[in-house]
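Novice: This is the structure I want to talk about, given as structure tokens.
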Amino acid sequence: MNERNELLFSYLDQVFEPKSSLSPDSLVDKWRVIPYETENWSGNLLATSSECDPEDISFNPRLTGWYKIYVGLLFPGFISMKLTSDPTFFNYKSSLTVDTPDCNYGRGVFLEETLWRCGDLTGESILLSNRKIHEEHQSRITHLRFVPMTEEEVAEYQKEEARTDTKRIYASDDMHNRFYCDNLECMEDWSNVVLRYRHSDVEWISMEEIRLFASGKIPVDDVNQFAFPRKGDKHCQSQISKFDFDEVLRYLVDLGHDNGYKMSVSLRMGAWGIGFPYDQFYFDNAFAKSHPEYRCMDRNGDAISNLSYAYPEVQQYIIDFLVNGAASGCDAVTLIANRGVPYVLFEEPVAKRFFEKYGEYPYELPLDDPRLNAIHCEIMTEFARNLRNALDNRYGKGKVAVHLRGFYSVYDTKYVGIDAEEWAKEGLINAIICYPQRNYENLAGDIWQEGKDYRIDLDKYTDYVIHNGRNVYTHYSYIEDFQPGFTNYRGEICGPATQAERISQWMALEEKYGVQVYIDMMGRHHNNERYKHLVQELYENGAERISMWDCNDRATYTAMWSIGGRCGHKDELAHMDAHEFYQVYWIRRLAGFDVSRYDPFWGG
């Protein structure tokens with residue numbers, strides 16, 4: 001088996017061991033062996049259902065030297081796999097959106113073959129597992145292809161891996177997703193938070209500090225007596241107590257540094273709780289429940305669920321979390337501002353400041369009134385100063401950077417009280433990630449005082465809130481294509497008019513103050529041509545770096561990530577051929593049925 005020829009292993013039941021773990025039947029403790037045919041080859045794939053719990057199986061190809069390893073997954077499909085030398089298993093999925101319509105019906109059955117790894121396979125086996133993933137899934141691996149690499153190809157690959165000019169991606173990782181989806185048995189199982197980004201253009205890995213919204217407690221001692229909203233939530237309960245999360249963060253920061261990444265610990269600024277049916281349990285915040293006096297207040301006196309940064313106690317609570325997170329040895333802490341607005345409204349400290357400055361109270365004013373917005377920005381800038389000082393006092397001046405994940409534009413970020421330019425000017429932040437989301441107040445109803453422009457009648461407002469039938473505080477999120485500024489209640493156009501203007505406003509902060517700017521690319525799942533189009537548009541309009549929210553999810557979709565993970569190749573992206581990294585093959589026969597024309601699915 002040492003010949004340097006391309007090798008295709010499609011009859012996986014013949015090469016994986018032990019054979020006692022394989023069966024033609026769907027049994028809970030076996031990998032099911034299923035025959036299939038494409039127009040190019042036939043084989044036996046290995047599959048499990050979500051109820052299966054078979055033992056791990058392995059395949060030793062007995063190869064030496066460098067190879068490209070391609071993995072085939074039936075769509076929809078999943079696999080958890082590793083090489084012998086890997087510290088843990090890594091989860092991969094076939095990509096819903098790659099080269100296929102958005103609807104599954106009527107498009108046939110297919111598999112995706114994706115380049116998984118390049119490496120020296122001397123002494124390496126391939127292991128498959130079904131026990132490292134908790135979320136409902138179906139493992140469906142069709143084949144493995146090994147393509148030998150020449151010395152020149154290996155040298156070119158190593159040269160590419162050593163490049164730093166392509167490291168332009170800021171990857172955020174939803175750490176709660178690890179508790180929810182994975183079976184974490186040891187510290188090494190956390191390594192996929194970092195190592196999933198090998199062979200990509202990721203520069204920064206931002207790991208989320210989840211304890212802010214994991215500080216609640218179920219009201220009964222017996223976990224089996226509590227009705228969790230989702231099966232995964234119960235799984236989280238059993239997982240969280242296994243680990244010291246401070247130790248997890250330290251382990252991941254060290255692992256990230258060893259692999260050449262810059263590491264950040266991030267925190268959702270408004271993770272005070274999530275509504276029904278996800279309320280109670282760990283989505284409750286113990287501090288917020290204990291301090292209703294610190295909640296945001298609407299202009300008519302109604303209490304809002306969010307806590308307000310107008311109170312020093314709330315600011316200190318968040319700062320303590322971030323300072324503690326920096327003890328991990330991370331390079332930065334990241335403020336996730338795009339989750340949890342509003343941060344400040346009409347609380348007593350706000351009204352008092354406004355009265356002292358302007359001799360009146362702000363309750364009749366809309367949120368984007370320039371004077372009220374200035375007060376909100378003043379409060380949030382004080383918070384940023386306090387955070388900067390706390391980090392400097394604990395770790396040394398400037399040793400730990402501060403990053404801000406803001407909104408769609410500079411204007412949209414300032415709307416919620418975060419003056420990104422002021423923060424950059426004062427040196428309070430070192431990087432800005434703009435997330436394509438807008439939040440603004442919807443004041444379209446009959447709420448205005450008679451004869452007074454832009455003054456709210458509080459009685460009319462209360463009636464409007466009760467009978468409007470939709471949130472007064474509206475947000476648009478996941479903006480993929482450019483959206484121009486919107487018209488406010490005064491008839492003014494707010495926000496940039498073009499994509500180039502939006503990006504130039506952000507990049508101006510980099511030019512003036514030296515902060516690094518990352519433009520977020522949403523949505524999460526696209527086919528590769530769409531990925532290329534969206535990222536190229538950002539580059540063509542002045543962006544230098546890219547951010548990806550929930551990158552942990554994107555990186556599991558192997559074919560999609562073949563382009564998504566290479567988005568840092570700014571100069572080469574336009575000419576990049578995704579099919580260098582993956583191919584789609586249509587299935588003719590599967591499990592004894594001809595699926596090439598009439599899908600047997602329709603018999604059910």
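Novice: With N set to the residue count of segment 399-512, report its C-alpha Rg divided by 2.2 N^0.38 Å to two decimal places.
Specialist: Compactness ratio reported: 1.27.
Novice: Then there's this: So what are the ³J(HN,Hα) numbers for segment 509-525, from phi and the Karplus equation (6.51, -1.76, 1.60; θ = phi - 60°), rounded to whole Hz, Gly and Pro as x?
Specialist: 5, 5, 5, 7, 10, x, 6, 8, 10, 10, 9, 6, 10, 10, x, 6, 10
Novice: For Y317, what accessible area in Å² do you get when you roll a 1.4 Å probe over the heavy atoms of the protein chains, rounding to the nearest 10?
Specialist: For Y317, solvent-accessible area is about 40 Å².
Novice: Further question: Which percent, nearest 5, of DSSP beta bridges in the chain are antiparallel?
Specialist: Around 60 percent of the beta bridges assigned by DSSP in the chain are antiparallel ones.
Novice: Let me ask something else about it. Between S125 and E153, what FRET efficiency comes out of the Förster formula 1/(1 + (r/R0)^6) with R0 = 25 Å and r the beta carbon distance, rounded to 0.05?
Specialist: Here the calculated transfer efficiency is 0.60.
Novice: Rounded to two decimal places and with Rh computed the Kirkwood way over Cα pairs, what is Rg over Rh for segment 509-596?
Specialist: 1.14
Novice: May I pose another question? Given the protein chains as shown and a 1.4 Å probe, how many square angstrom of W586 are accessible, to the nearest 10?
Specialist: 120
Novice: Would you kindly calculate the translational diffusion coefficient of the chain, applying Stokes-Einstein with the Kirkwood radius from alpha carbon pairs, for 37 °C and a viscosity of 0.692 mPa s, and quote it in µm² s⁻¹ without decimals?
Specialist: In µm²/s, the coefficient rounds to 124.
Novice: Just by accessible area at a 1.4 angstrom probe, what is the order of E511, E537, E348 from largest to smallest?
Specialist: So the residues, ranked largest to smallest area, are E511, E348, E537.
Novice: Can you compute the modelled spin-label distance between F245 and S50, with each label point 7 Å from Cα toward Cβ, in nm?
Specialist: Inter-label distance under the simple model: 2.6 nm.
Novice: So if each residue of separation counts as 0.36 nm, and I subtract the Cα-Cα distance between L27 and E450, what length gain in nm does that give?
Specialist: 145.0 nm
Novice: Tell me, what is the FRET efficiency for S58 and Y473 to the nearest 0.05, using R0 = 51 angstrom and their Cβ-Cβ distance as r?
Specialist: Efficiency, rounded to the nearest 0.05: 0.40.
Novice: Turning to a different aspect of this structure: Between helix 245-258 and the chain, what is the angle of the helix's C-alpha long axis to the longest principal axis, kept within 0 to 90° and rounded to the nearest 10?
Specialist: Its long axis makes an angle of about 60 degrees.
Novice: Taking the Cα centre of the chain as the origin, how large is its charge dipole in debye, to the nearest 20, when only Lys and Arg (+1) and Asp and Glu (-1) carry charge on their Cβ atoms?
Specialist: Rounded to the nearest 20 debye, it is 260 debye.
Novice: What's the carbon and sulfur percent of the chain's accessible surface, probe 1.4 angstrom, rounded to a whole number?
Specialist: Of all accessible area on the chain, carbon and sulfur atoms account for 47 percent.
Novice: While we're on this one: Using a 1.4 Å probe on the protein heavy atoms only, what accessible surface does H134 show? Give it in Å² to the nearest 10.
Specialist: We get 60 Å² for H134.
Novice: Nearest 10 degrees, 0 to 90: what angle lies between the long axis of helix 370-395 and the longest principal axis of the chain (Cα atoms)?
Specialist: It works out to around 60 degrees.
Novice: What percent of all Cα-Cα pairs in segment 327-388 falls in each 10 Å bin, counting up from 0?
Specialist: 18, 45, 23, 10, 3
Novice: Specify the angular offset, from 0 to 90 degrees and rounded to the nearest 10, of the alpha carbon long axis of helix 151-161 from the longest principal axis of the alpha carbons in the chain.
Specialist: 10
Novice: Something else now. Could you work out how far apart the two model spin labels at W41 and L8 are, taking each label as a point 7 Å from the Cα in the direction of the beta carbon, and quote it in nm?
Specialist: Rounded to a tenth, the inter-label distance reads 0.5 nm.
Novice: If the viscosity is 1.306 mPa s and the temperature 10 °C, what Stokes-Einstein diffusion coefficient in µm²/s follows for segment 477-550 when Rh is the Kirkwood radius over Cα pairs?
Specialist: Translational D for this selection: 118 µm²/s.
The values are calculated or read from the model by the stated rules, or taken from the named source; none is laboratory data. Quick caveat: nothing in here was measured; it's all calculated off a predicted structure. Using ideal geometry, Cβ is built from the backbone for each residue, glycine included, and neighbour counts are taken over all protein chains shown. Ligands, DNA and RNA are excluded from the accessible area calculation, which covers all protein heavy atoms including side chains. Shrake-Rupley method; radii C 1.70, N 1.55, O 1.52, S 1.80 Å.
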